[in-house]
Amino acid sequence: IERLRGRLSKSRSALGQGLLGLLGAGDLDEDSWEEIEDTLLVADLGASTTTEIVERLREELSARGVRTSDDARAALRDVLIETLSPEADRSVRALPHEVDGAKQPAVVLVAGVNGTGKTTTTGKLARVLVAQGRQVLLGAADTFRAAAADQLETWSQRVGAEVVRGKEGADPASVAFDSVKRGVDAGVDAVLVDTAGRLHTKTGLMDELGKVKRVVEKQAKVDEVLLVLDATTGQNGLAQARVFSEVVDVTGVVLTKLDGTAKGGIVFQVQRELGVPVKLVGLGEGPDDLAPFEPSAFVDALLG
Ligand code: GDP
C-alpha cells in the first residue's frame with residue numbers, strides 16, 4: 001500500500017485529500033456538498049457516478065450520525081469501496097487447460113487504442129506470469145505500428161518469453177493465429193497477443209479485432225480480452241471503452257498511467273459504466289509497475 005500511495009500521489013492529493021479536507025470541516029452545508037461534487041467531477045468521476053457517491057455519502061453520514069472527521073473518513077472509505085464493486089472477480093485467466101487430454105495454453109488478447117500502453121502492459125503481464133513459473137509466448141499482432149513488434153521483442157528478452165512476429169504490414173489476424181498455433185504446438189502455459197489498436201471507425205475496429213478473435217478461436221479458446229485504457233485520457237478513454245466492448249467481449253480492463261494523473265477517478269466509472277471489472281492497473285513504465293486492482297487497497301492509498 002505504501003508503494004501504491006507513492007504512485008497515486010497526484011490522484012491522492014486531488015481526490016483523497018480534497019474530500020477528506022471537506023468532510024473534516026465539520027457540519028456540511030449545501031456549499032460544502034457542492035464542493036465535494038466538484039472535487040469528484042474534477043477527478044474524473046463523471047456526472048452520474050458523482051451523483052451516486054454524493055447521495056450515498058449523505059445517507060451514510062446521516063444514518064451513522066457522524067460527528068468526528070474520523071467517522072466521516074470511515075463513511076467515505078466505505079462508500080468509495082462499494083462504488084468499486086468489491087465483489088467482482090478480478091482474476092486474470094491465464095492458466096492452461098486440458099482439451100481432450102492435451103494441454104492448451106490460456107489465450108489472452110490485449111486490446112486498446114495505440115499509445116494507451118498496450119505493448120508495455122503485455123510485457124509486464126508476461127513478466128508476472130514468468131515469475132510465477134509459467135511458460136509464456138508473446139504474439140506481436142500489432143503490425144500497424146512499426147515499432148510495436150520490436151518493442152515486444154525487447155520485452156520478450158527482458159522477461160524470458162518467446163515472441164512470434166509477422167512481416168511488417170502483415171495481417172494482424174494471421175500473426176495472432178501463428179502465435180497461438182505455436183503456443184499450442186509448444187505446449188506453453190499462456191499466449192499473450194498484443195493486438196492492433198486502430199480505432200479509425202467502429203467497423204474498421206470490428207473488422208480487425210473481431211477478426212483476430214475469430215481466427216484465434218479456430219485453435220484455442222480465448223480466455224481473456226483485456227482492454228487497456230489510459231487513465232490520463234479521462235472521459236475519452238471511457239468512450240473508447242464503450243466502442244471496444246461493443247466489438248468484442250471485453251473480460252477485464254487494465255487502467256494504465258495512474259501514476260501520472262490527478263484524475264484517478266476514472267477507476268470509479270469504468271466498471272459501473274461498462275460492467276467490466278478493472279483487473280490490473282499500470283503504475284509506471286518499469287517491468288514491475290503492473291499491479292492487481294484491489295478496491296480496498298486502492299481506496300486506502302487514495303485516502304492516505
Ligand atoms: P501502445 O501503443 O498502446 O502499445 O503503448 P505503449 O505500450 O508503447 O506505451 C506508450 C507509452 O506509455 C510508453 O512510453 C510507455 O512506457 C508508457 N506507459 C505504459 N504504461 C504506463 C504506466 O502505467 N505508467 C506510465 N507512467 N507510463 C506508461
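Only the coordinates and a few stated rules stand behind these numbers; no lab work does. These numbers come from a predicted model, not from an experiment. No Cβ is skipped: glycine too gets one built from the backbone with ideal geometry, and neighbour counts run over all protein chains shown.
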| query | So what's region 113-246 giving for Cα Rg divided by 2.2 N^0.38 Å, two decimals? | reply | 1.00
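Output the antiparallel fraction of DSSP beta bridges having both residues in region 196-304, as a percent to the nearest 5.
Approximately 25 percent, going by the DSSP bridge assignments.
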| task | Report the antiparallel proportion of the DSSP beta bridges in the chain as a percent, rounded to a multiple of 5. | result | 20
| request: Would you kindly state how much longer the chain becomes between residue 235 and residue 218 on full extension, computed as 0.36 nm times their sequence separation minus their alpha carbon distance, in nm to one decimal? | output: 2.6 nm
| query | With the contact rule set at Cα under 8 Å and sequence spacing of 6 or more, what percent relative contact order holds for the chain? | reply | 27
| query | In terms of the Cα gyration tensor, with a ≥ b ≥ c the square roots of its eigenvalues, is the chain rounded because a/c is under 1.5, prolate because a/b exceeds b/c, or oblate? | reply | prolate
| task | Enumerate the amide H contacts of residue 230 below 5 Å, restricted to partners 5 or more residues apart or on another chain; note that Pro and chain-start residues carry no placed amide H. | result | 256
| message | At a 10 angstrom cut-off on C-beta neighbours, averaged per residue, how do the peptides 81-93, 46-58 rank from highest to lowest? | response | 46-58, 81-93
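Using only helices, what value at 222 nm comes out for the chain when you add -39,500 (n - 2.57) per DSSP H run of length 4 or more and divide by the total residues, to the nearest 500 deg cm²/dmol?
Working: 13 runs with 140 residues, N = 304.
Helix contribution divided over all residues of the chain: -14000 deg cm²/dmol.
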| query | For 294, 285, 208, what's the fewest-to-most ordering of other Cβ within 10 Å of each Cβ? | reply | 285, 294, 208
| Quick one: if the Förster radius is 45 Å, what FRET efficiency do residue 186 and residue 42 give, using the C-beta to C-beta distance and rounding to 0.05? | 0.35
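I need to check one value: relative contact order of region 223-304, counting alpha carbon pairs closer than 8 Å and at least 6 residues apart, in percent.
Once normalised by length, the contact order is 27 percent.
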| note | Residue-ordered couplings for region 243-252, obtained by feeding phi - 60° into the Karplus form 6.51 cos²θ - 1.76 cosθ + 1.60 and rounding to whole Hz (Gly and Pro as x), are 5, 4, 6, 6, 8, 10, 6, 6, 9, x
| Going by the alpha-carbon gyration tensor, a ≥ b ≥ c the square roots of its eigenvalues, is region 82-131 rounded (a/c under 1.5) or, if a/c is not under 1.5, prolate (a/b greater than b/c) versus oblate? | oblate
